[in-house]
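Following: one structure in structure tokens, then a few remarks.
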Amino acid sequence: MQEVNLGIIGSGTVGGGVLKAIQKNGALMCSRLGIRLKVLKVAVKNMKKVRAVPVPSALLCQSWEEVVRDPRVHVIVEAVGGTTTARSIVLSALNAGKAVVTANKALISAHGEELFAAVQRHGVNLYYEASVGGGIPIIKVLREGLVGNRISRIYGIVNGTCNYILTRMKLEGSNFDEVLKDAQRLGYAEAEPSLDIDGDDAMHKTGILASLAHGFWVKPKSIYLEGIRSITGLDIQFANQLGYTIKLLGIVKTQEASPASARGRKRFSPVQVSVTPTLIPNSHVLASVNHVFNAIFVRGDIVGDTLYYGRGAGQDATASAVLSDLADAALDLKTGNINRIPPFVPHEGDGAVLDIDDVVSRYYVRLSVVDKPGTLARIATILGQSKIGISSVIQPEGHEGESVPLILMIHDAPHSEMNKAFARIGRLSVVKAPPKMIRVETFDS
Ligand code: HSE
């Protein structure tokens with residue numbers, strides 16, 4: 001029986017989960033693959049630490065360099081997180097001719113192009129299924145399952161922590177901070193939870209999906225991002241009364257293709273790539289993706305609409321995706337077919353991300369206003385001057401005092417016009433707090 005030797009660097013949530021999963025299902029994988037996955041070394045920061053997943057002392061070492069240098073190790077699992085040491089580990093391992101498996105979306109998002117170039121140079125491979133969607137094999141879907149499709153839409157609920165928080169705020173009326181603590185305790189949140197709640201984690205993942213779908217590397221800086229910190233129980237409640245659920249949604253949306261150029265070469269219109277809290281109609285399947293679950297909706301021109309659902313965070317979900325990569329790495333080593341599926345293949349040419357100012361969407365807007373005649377007229381005048389249409393206005397009953405909530409539902413409007421108009425509205429004396437604007441996605445085009 002062929003053996004593939006693994007060196008795991010890091011034994012926290014990801015590394016520990018991989019070790020546990022191999023202990024549990026290694027024999028099953030062996031019978032399925034005809035290859036035994038053998039963990040040879042586990043590098044940790046602190047050898048004395050008591051770990052949730054115990055590491056046999058014979059495997060432990062303190063230096064990642066030792067693991068990368070060991071000639072017996074075929075595949076490195078990078079499980080340290082972050083982008084600095086992780087980048088050095090991956091580059092050194094590729095340089096040493098070893099295959100690398102990583103769950104590190106921040107690393108792939110920020111340094112993907114550099115790492116893919118190193119893969120090419122060294123004739124090895126880099127696998128990152130666990131970087132997006134936890135246990136959902138979405139990278140495989142885009143690179144293999146849907147390879148024959150042009151992708152026009154991706155809608156992703158791709159951060160388990162945010163989805164867990166928003167779900168419990170909606171279903172239980174729970175408080176943001178309390179629920180975040182639970183998400184940390186359950187191993188969903190990043191070591192630095194602001195990466196989750198401010199949306200960076202979802203941005204990294206959405207960028208990776210957009211890159212795979214559209215064939216140019218989407219840099220994190222080009223993705224428009226809003227996190228969930230400013231979403232209040234009041235917005236969740238009002239949205240629900242209007243028939244919507246608020247989710248942190250990654251959107252990758254193509255615009256209409258521009259006409260072919262004179263030389264007959266197809267030109268590609270910019271792609272919207274954004275991550276924002278979004279109102280989703282309760283009747284849409286994504287609205288019922290709750291708790292730590294992720295879901296990714298992908299529309300291909302041949303297949304039509306498809307949906308992928310599963311646990312998006314947590315030790316076991318991530319470990320499942322890493323095992324899938326280990327299987328691919330082991331099979332590639334066995335067959336000597338290292339580049340059957342390279343980590344990223346640029347295709348289609350001159351893609352670009354659409355400037356957020358030009359992105360058009362519907363909006364929910366919550367204003368805090370003085371309840372007196374003429375207030376609505378003043379707001380409507382500014383919106384009319386900006387050619388922004390109101391689809392409905394609600395002043396919910398039961399709010400009294402200095403100021404009351406006023407909810408506006410806005411027809412399709414460009415981001416830039418919305419910002420300008422609501423900056424003006426925010427300065428009106430009858431408006432008592434900065435307007436809260438949340439996008440609405442109705443999925444109808
Ligand atoms: N913190 C991430 C999440 C973990 O909550 O989705 C998986 O990437």
Just to be sure I understand: with springs between alpha-carbon atoms less than 10 Å apart, which residue in F293, F268, F344 has the highest mean-square fluctuation in the Gaussian network model of the chain? F268
When ligands, DNA and RNA are left out and all protein chains stay put, how many square angstrom of accessible area per residue does the chain have with a 1.4 Å probe? 44 Å²
Give the cross-link partners of K372 among the lysines, using a straight C-alpha distance below 19 Å as the criterion and excluding same-chain residues fewer than 8 apart. K432
Where labels lie 7 Å past Cα in the beta-carbon direction, separation of A191 and D355 in nm: 3.9 nm
Dimensions (Å) - segment 140-311, Cα atoms, principal axes, largest first: 59, 35, 27
Degrees separating the helix 85-95 axis from the principal Cα axis of the chain, which is the longest one: 50 degrees
Simple label model, 7 Å out from Cα along Cβ direction - V393 to R150, nm: 4.3 nm
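Ratio of the chain's C-alpha Rg to 2.2 N^0.38 Å, to two decimals? Walk me through the numbers on the way to the answer.
Numbers: Rg = 24.1 Å, N = 445, 2.2 N^0.38 = 22.3 Å.
Ratio of Rg to 2.2 N^0.38 Å for the chain: 1.08.
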Where a Cα-Cα gap under 16 Å defines reach, which lysines qualify for K170, not counting those fewer than 8 residues away within the same chain? K247
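With respect to the cross-link table entries K45/K98; K219/K253; K45/K140; K105/K140; K24/K181, which display a Cα-Cα separation exceeding 24 Å? Please report the intermediate quantities before stating the final value.
Numbers: K45/K98 22 Å; K219/K253 16 Å; K45/K140 32 Å; K105/K140 15 Å; K24/K181 29 Å.
Violating the 24 Å limit, Cα to Cα: K45/K140; K24/K181.
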Quick one: Karplus J couplings for segment 436-443, per residue in order, coefficients 6.51, -1.76, 1.60, θ = phi - 60°, nearest Hz, x for Gly and Pro? 9, 10, 10, 5, 10, 10, 9, 6
Alpha carbon centre of segment 67-106 versus segment 25-49: separation in Å? 15 Å
If packing is taken as the average count of other Cβ atoms within 10 Å, what order do 32-41, 386-395, 207-216 fall into, highest mean first? 207-216, 32-41, 386-395
Run the quick spin-label model on H347 and S416: label points 7 Å from Cα toward the beta carbon, then report their separation in nm to one decimal. 3.3 nm
Among all the lysines, which ones have a C-alpha under 18 Å from K49's C-alpha, if same-chain residues fewer than 8 places away are not counted? K20, K41
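Could you calculate the contour length gain from E114 to S288, that is, 0.36 nm times the residue separation minus the distance between their Cα atoms, to one decimal place in nm?
Working: separation 174, 0.36 × 174 = 62.64 nm, distance 3.81 nm.
In short, 58.8 nm is gained.
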In sequence order, what are the phi-derived ³J(HN,Hα) couplings for segment 114-129 according to the Karplus relation 6.51 cos²θ - 1.76 cosθ + 1.60 with θ = phi - 60°, rounded to whole Hz, with x for glycine and proline? 5, 5, 5, 5, 5, 4, 4, 4, 9, x, 10, 9, 10, 10, 9, 4
What part of the accessible area of the chain, given as a whole %, is carbon or sulfur when the probe is 1.4 angstrom? 51 percent
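The values are calculated or read from the model by the stated rules, or taken from the named source; none is laboratory data. The structure presented is a predicted model; accordingly, all values stated were derived computationally and were not measured. Note that we place each Cβ from the backbone using ideal geometry, even for glycine, and neighbour counts take in every protein chain shown. The accessibility values were calculated without ligands, DNA or RNA, using every heavy atom of the protein model including side chains. Shrake-Rupley method; radii C 1.70, N 1.55, O 1.52, S 1.80 Å.
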